[in-house]
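Written below as structure tokens is the structure these notes are about.
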Amino acid sequence: EKGGYDHFMLKEIYEQPRAIKDTYRGRLLADQGLIRMAGIDLNMEKFLNANRIIIVACGTSWHAGLVAEYIFEDLARIPVEVEYASEFRYRNPVITDKDVLIAISQSGETADTLAAIKLAKEKGAFVFGVCNVVGSSIARETNAGAYTHAGPEIGVASTKAFTTQITVLTLMALKLAKAKGIFSESKYHEYLTELETIPSKVEKSLESNTLIEIISDVYKDSTNCLYLGRGYNFPVALEGALKLKEISYIHAEGYPAAEMKHGPIALIDEHMPVFVIATKKGHYEKVVSNIQEIKSRKGKIIAIVTEGDEQVKELADHVIEVPETLESLTPLLTTIPLQLLSYHIAVMRGCNVDQPRNLAKSVTVE
Ligand code: M6R
């Protein structure tokens, strides 16, 4: 049942090229210059007339929501707010019938997310679900939606759900950008064809596994870790830290790299591993200077870089390469090494990777 892998988590990490393909199969028709998504097509006016999009979710799905905020605002120019479902539902939020609420949930059963949906519906918002489990409570409770089609995710630590959620949300943003006339045919075509290359680029990213095992062995006894990223890769830093915490029980924090000097920099010494996402596109030079700041305080730097990078290689203790892609698609690649890293560290520490202590796969009570 684990397909020859030691754990479901590893199997699910390796399933991502296929899972992403399954997510866009029948939807992304690059040769026709078309994205087909019934849930959007049938409700296009709702999206185009929305004052804003509110995204609600928990945990890893919330991180996918944060990536989506960058994608929707950058590509489709629609204002987005991302909320923890648990906070949103209890803070007397301002919701109107001009709002579109997107709920993201792998299981479709998360209690707080479900309650947030009900609240938004009562206030007249249009509610769209991005779920993995077909026929789940959230899928049934929403006005429309799009499934991720990632296949069953058994490991408690979410992996393929995250990358397929980002894939669905990217398709949505691209479709809306096109409908709003923001994208020229050629730019649209560039995005669609690049999206089609992502499964093979994820495959390529997985090839760093042996190197990542070696790096994991160096840092497996750490007590604290910092994860830094900027722009599209800031949520990836949060997700990397969550993955490490939940399965290896090492304390980890994710931060926007520039926030480091507002506090966390005080933590940096020779015992602090800092995982930095430093891909070529998007604030590269600024991340490089953040890396220099870490280095001058003797922090250990493990950098996720674009293939062929020279500059960061000079500074970092370890570099892990991912293929080049469009900036907005980088999270689909940069997240892969961080998943593998947390997996190997947890295995080396003898942790129960698929069923970490105190955690349930779906949180059906608040
Ligand atoms: O099923 P959901 O996507 O609604 O679940 C949300 C979170 O409970 C979930 O992502 C959790 O944070 C995972 N354990 C993260 O790996």
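The values are calculated or read from the model by the stated rules, or taken from the named source; none is laboratory data. No experiment lies behind these values; they were computed from the predicted model shown. Quick reminder, even Gly has a Cβ in these numbers, built from the backbone with ideal geometry, and neighbours come from all protein chains shown. What goes into the accessible areas is simple: the full protein's heavy atoms, side chains included, and nothing from ligands, DNA or RNA. Shrake-Rupley method; radii C 1.70, N 1.55, O 1.52, S 1.80 Å.
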Report task. Please state, rounded to one decimal and in Å, the Kirkwood hydrodynamic radius that segment 160-234 gives when every pair of distinct Cα atoms enters the mean of 1/r. Result -> 15.5
Query raised in the report: If the limit is 19 Å between Cα atoms, which of 21/160; 245/281; 220/243; 160/361; 160/204 go over it?
Result: 245/281
Query raised in the report: Just going by the charge dipole of segment 153-224, with Lys and Arg at +1 and Asp and Glu at -1 on Cβ, which of 191, 176, 224 is farthest out on the positive end?
Result: 176
**Report entry** Neighbourhood net charge (13 Å Cβ-Cβ; Lys/Arg +1, Asp/Glu -1) for residue 189
**Finding:** -3
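Thinking of segment 1-91 as a set of Cα atoms, what percent of all their pairs are more than 21 Å apart?
The calculated P(r) of segment 1-91 puts 53 percent of pairs beyond 21 Å.
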**Report entry** Neighbourhood net charge (15 Å Cβ-Cβ; Lys/Arg +1, Asp/Glu -1) for residue 38
**Finding:** +3
**Report entry** Taking only Cα atoms of the chain, radius of gyration then Dmax in Å
**Finding:** 19.7, 56
Query raised in the report: Which value results when the Cα radius of gyration for segment 92-170 is divided by 2.2 N^0.38 Å?
Result: 1.09
Report summary line: Distance in Å, no decimals, from the C-alpha centre of segment 65-87 to the one of segment 108-136 is 16
Report task. Would you compute, from DSSP H runs of 4+ residues alone, the mean residue ellipticity of the chain at 222 nm, taking -39500 (n - 2.57) per run and dividing by the full residue count, rounded to the nearest 500? Result -> -13500 deg cm²/dmol
**Report entry** Qualifying lysines (Cα of each under 17 Å from Cα of residue 286; at least 8 residues distant if same chain)
**Finding:** 261, 295, 313
**Report entry** Convex hull projection area averaged over all views, segment 20-167, Cα basis, nm²
**Finding:** 8.3
Query raised in the report: What is the distance in Å between the Cα centres of segment 1-62 and segment 144-187?
Result: 4
Query raised in the report: Mind checking the alpha-carbon convex hull of segment 108-261 and giving the volume per residue in Å³?
Result: 175
Requested in this report: Using a cut-off of 13 Å between beta-carbons, work out the net charge of the residues near residue 177 (Lys and Arg +1, Asp and Glu -1, residue 177 not included).
Outcome: +1
Requested in this report: Please name whichever of 275, 322, 265 sits farthest to the positive end of the charge dipole of segment 237-344, dipole taken about the Cα centre and charges placed at Cβ: Lys and Arg +1, Asp and Glu -1.
Outcome: 265
Query - Dipole magnitude (debye, nearest 20) for the chain, charges at Cβ of Lys, Arg, Asp, Glu - result: 660
Query raised in the report: Carbon and sulfur: what percent of segment 241-366's accessible surface (1.4 Å probe)?
Result: 49
Query raised in the report: Taking only Cα atoms, what is the 0 to 90° angle, nearest 10, from helix 160-179's long axis to the longest principal axis of the chain?
Result: 50
Query raised in the report: Taking a ≥ b ≥ c as the square roots of the eigenvalues of the Cα gyration tensor of segment 190-277, is the shape rounded (a/c under 1.5), prolate (a/b larger than b/c) or oblate?
Result: oblate
Requested in this report: For segment 292-366, just run the numbers: alpha carbon Rg, then divide by 2.2 N^0.38 Å, N being how many residues it has.
Outcome: 1.46
Query raised in the report: Taking the Cα centre of segment 178-322 as origin and charging only Cβ (+1 Lys, Arg; -1 Asp, Glu), how large is the dipole, in debye to the nearest 20?
Result: 500
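For segment 20-136, what does the accessible surface come to per residue with a 1.4 Å probe? Please give it in Å².
For segment 20-136, the solvent-accessible area averages 40 Å² per residue.
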Requested in this report: Report, in whole Å, the centroid distance computed from the Cα atoms of segment 259-276 and segment 312-346.
Outcome: 19
